[in-house]
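The values are calculated or read from the model by the stated rules, or taken from the named source; none is laboratory data. Predicted model, so just to flag it, every value in this text is computed and none were measured. Cβ atoms come from the backbone with ideal geometry, glycine included; neighbour counts cover every protein chain shown. We work out accessible area using only protein heavy atoms, side chains counted, and drop any ligands, DNA or RNA first. Shrake-Rupley method; radii C 1.70, N 1.55, O 1.52, S 1.80 Å.
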Amino acid sequence: MSTVATKSTTDIRPFEVPNVPQAELDDLKHRVQATRWPDRETVTDETQGVQLATVQALAKYWATEYDWRKCQARLDALPQFITEIDGLDIHFIHVRSKHENALPLIVSHGWPGSVVEQLKIVEPLTDPTAHGGSASDAFHLVIPSIPGYGYSGKPTTTGWDPAHIARAWTVLMKRLGYTKFVAQGGDWGAVITELMGLEAPPELLGIHTNMPGIFPADIDAAAFSGAPAPSGLSADEKVAYERLQFVYQKGIAYGFQLGLHPQSMYGIADSPVGLAAYFLDHDLRSYELIKRVFDGKSEGLTRDDILDNITITWLTNTALSGARLYWEYWGKGYFNAKGVTIPVAVSVFPDELYPAPRSWTEKAFPKLIHYNKLDKGGHFAAWEQPQLFVAEVRAGLKSLR
């Protein structure tokens, strides 16, 4: 009697980025070149959104010089895997350090993003002795693609909200054999990481965030309503309040659209330039940094960095499957204190959506083990300022080793 081997749902399978046929890359370039452009904005700044000149400069580079194969090679130079969790395939990069006592770390990306935003931190975190650190700074690194993003599976039913993803990340780390680990995130990754902290599985030693949820519920509600800053705020608290209010009123139009009707965004699934413009319009400070890149200047990011992130979304057709994460979490609070009681490290980059004041941070995280305000860096810190980010992760989580 013969037996047939069957695949277990807990199997961890090696993964390589699918080789995109040249015809598909040619089609992408053709679509970029065939863009029907709107009129130029009627203002001289970005108050009407992403400016025509910026997107046309991006499109020209995308259609004539950009090479997706370079990004594919960077990804395939790293160990990548797929495993099924709760019926969905989860893609992840997994790089084990050569240092025996390395601390296992799972790092989560955000929107509009992918694992390419974390590629610059892989070597410094896993091989610190080659990058200005010591063996005691080493991490075993796991970088998953959020469900619906990149090479992870696309949910076909509701329920894959950040809390579900947080639980899945714990399953993933335990499946990899890690009995103790830490977690890090920014943007959606920050929400997921804090919800891991709120769940507080015994294996999770602590977390690091560069977009901490620190606003008291009444302060968050007041900022959302457009009310003037409440009396009695310190100078730092007032700055944070005013920045958050700006985000709600003028900074995250996409958040409202995707939180309410993500399926209506057929345009970003059909037009690569439409997708690019939508991705650039994340927040004003990030847009200004990206705009400088396409004006011929460079500050942390390159044109290829930006287009790698957009192209991986285009090639995997994950614009809408990723956008639905906003619908799943709509109205549950992105920036508010969530009640995390395990150890938390916080890094405050000046061009984040808001600079988290120490006062609110200490109240939000009673076991705050690290708080540092940096002089440079923004919302996509691991992508924009990898050296500063790596130093913060090392310092922030050091006491948990």
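General observations
- PRO366 of a type outside the set (Ser, Thr, Tyr) and either touching an Asp or Glu at 6+ places or on another chain (Cβ under 9 Å) or under 19 Å from VAL107 (Cα atoms) (or both): no
- In the condition set (1) farther than 27 Å from ARG324 by Cα; (2) part of a helix (DSSP H, G or I); (3) of a type in the set (A, V, I, L, M, F, W, C), PHE246 is compliant with all but (1).
- Of the residues making up segment 242-285, those that are surrounded by 15 or more Cβ atoms within 10 Å (Cβ to Cβ), more than 26 Å from LEU28 (Cβ to Cβ), in contact (Cβ under 8 Å) with a residue 24 or more places away in the chain and not hydrophobic (A, V, I, L, M, F, W, C) are ARG243, TYR248, GLY251, GLY255, GLY259, ASP283, ARG285.
- Count of segment 121-151 residues which are of a type in the set (S, T, N, Q) and in contact with a Phe, Trp or Tyr (Cβ under 8 Å, 6 or more places away or on another chain): 2
- Condition met for HIS99 (surrounded by fewer than 21 Cβ atoms within 10 Å (Cβ to Cβ), over 20 Å from ASN309 (Cα atoms) and within 19 Å of the chain's Cα centre (by Cα)): no
- Residue among ALA364, ALA319 that is surrounded by 22 or more Cβ atoms within 10 Å (Cβ to Cβ), within 15 Å of the chain's Cα centre (by Cα) and aliphatic (A, V, I, L, M): ALA319
- Where a residue in segment 111-128 is closer than 29 Å to GLU328 by Cβ and its partner, wherever it lies, is part of a loop (DSSP other than H, G, I, E, B) and among the hydroxyl-bearing types (Ser, Thr, Tyr), with Cβ under 7 Å and at least six apart: SER114/SER145; SER114/TYR149; VAL115/SER145
- Scanning segment 132-146 finds one or more residues that are closer than 22 Å to ILE342 by Cα, charged (D, E, K, R) and touching a Ser or Thr at 6+ places or on another chain (Cβ under 9 Å).
- Residue within segment 169-182 that is on the phi > 0 side of the Ramachandran plot, over 17 Å from the mean Cα position of the chain (by Cα) and open to solvent by 40 Å² or more (accessible area, probe 1.4 Å) present: yes
- Close pairs from segment 169-182: first outside any helix (DSSP H, G or I), partner open to solvent by less than 50 Å² (accessible area, probe 1.4 Å) and β-branched (Val, Ile, Thr), Cβ under 8 Å, at least 6 apart: LEU176/VAL142; PHE181/ILE106; VAL182/ILE106; VAL182/ILE207
- Search result, residues across segment 19-46 that are touching a residue at least 40 places away in the same chain (Cβ under 8 Å) and loosely packed, with under 11 Cβ neighbours inside 10 Å: ASN19
- LEU205 of a type outside the set (S, T, N, Q), touching a residue at least 60 places away in the same chain (Cβ under 8 Å), closer than 30 Å to GLN257 by Cβ and open to solvent by 40 Å² or more (accessible area, probe 1.4 Å): no
- Any hit, segment 137-157, residues being part of a loop (DSSP other than H, G, I, E, B) and aliphatic (A, V, I, L, M): yes
- Some residue of segment 391-400 being of a type in the set (A, V, I, L, M, F, W, C), under 17 Å from GLY206 (Cβ atoms), more than 16 Å from the chain's Cα centre (by Cα) and in a loop (DSSP other than H, G, I, E, B): no
- Restricted to segment 158-168, and to residues there that are open to solvent by 20 Å² or more (accessible area, probe 1.4 Å) and either of a type in the set (Gly, Ala, Ser) or in a helix (DSSP H, G or I) (or both), the residue that is farthest from LEU397 (Cα to Cα) is GLY159.
- Filtered by the rule that a residue be open to solvent by less than 10 Å² (accessible area, probe 1.4 Å) and in contact with an Asp or Glu (Cβ under 9 Å, 6 or more places away or on another chain), segment 298-307 gives a lone residue, LEU301.
- From the options GLY255, GLY206, residue that is part of a helix (DSSP H, G or I) and either within 30 Å of PRO343 (Cα to Cα) or at pLDDT below 95 (or both): GLY255
- Residue in segment 52-59 that is in contact (Cβ under 8 Å) with a residue 24 or more places away in the chain, polar (S, T, N, Q), surrounded by 10 or more Cβ atoms within 10 Å (Cβ to Cβ) and not in a helix (DSSP H, G or I) present: no
- Within segment 220-239, residues that are open to solvent by 40 Å² or more (accessible area, probe 1.4 Å) sit with their Cβ atoms under 6 Å from residues that are part of a loop (DSSP other than H, G, I, E, B) and at pLDDT below 95, at 6+ positions apart or across chains, in these pairs: LYS238/ALA229.
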